[in-house]
Amino acid sequence: MDVMTFSLGIIGADQFSDRFARPFRAHPGVSGVYVTDLIPERAERLATAEGLDGTFPDHEAMPESKAVDAVAVLTQRRPHGPLVLQGLSAGRHVHSAVAPMAPTGGGARRGRACVQDASATGPAGPAGRAGPWPYR
């Protein structure tokens, strides 16, 4: 049986990202895992430690790249919502590791609109359990 695979980009290489990178890398459906961080050395350390496929220079380049099918946003709360929206707007599937995805109802509505407009899936994780988003 053929398994459909996808590549994943991790945005944020701080505190707990290694706990996500390991299972992402080990999953048979994931063909490649990349990472980016505001501090490039952190991204390089995580890529080396976990045997990831590479790094991106910044969070803007990753969702726009054809090398990445989905992004996992593993940042602190403050930048989290805008990064989720950026990934969805680029047409990427998004895993959101922080709840809530948006601090306001308006931000949550923008996220829902991005999912519907982009034919993407998101967010998942704790944020996905917090609301009635129509997952695809």
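The values are calculated or read from the model by the stated rules, or taken from the named source; none is laboratory data. These numbers were taken from a predicted model, which means no experiment stands behind them. Because the Cβ atoms are built from the backbone with ideal geometry, glycine has one as well, and the counts that use them run over all protein chains shown.
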Problem set entry | Exclusive hit being touching a residue at least 24 places away in the same chain (Cβ under 8 Å), in a loop (DSSP other than H, G, I, E, B) and either over 30 Å from ARG109 (Cβ atoms) or not hydroxyl-bearing (Ser, Thr, Tyr) (or both), set LEU8, LEU52, LEU38, LEU85 | LEU52
Exercise. Going through segment 22-39 one residue at a time, which ones are over 12 Å from ALA97 (Cβ atoms) and among the hydrophobic types (A, V, I, L, M, F, W, C)?
Worked result: ALA26, VAL30, VAL33, VAL35, LEU38, ILE39
Exercise. Of the residues PRO23, PRO28, PRO79, which is over 11 Å from the mean Cα position of the chain (by Cα) and either at pLDDT 95 or above or over 25 Å from THR5 (Cα atoms) (or both)?
Worked result: PRO79
For this session: Name every residue in segment 48-76 that is of a type in the set (S, T, N, Q) and at pLDDT 90 or above, in order of residue number.
Result: THR48, THR55, SER65
Exercise. In segment 59-74, how many are in a loop (DSSP other than H, G, I, E, B) and buried (at least 23 other Cβ atoms within 10 Å of the Cβ)?
Worked result: 2
Seminar exercise, completed: Only unsatisfied item for LYS66, checking (1) farther than 22 Å from ALA113 by Cα; (2) touching a strand residue (DSSP E or B) at 6+ places or on another chain (Cβ under 6 Å), is (2)
Problem set entry | Per-region count, segment 88-98, residues under 10 Å from the mean Cα position of the chain (by Cα) and outside any helix (DSSP H, G or I) | 6
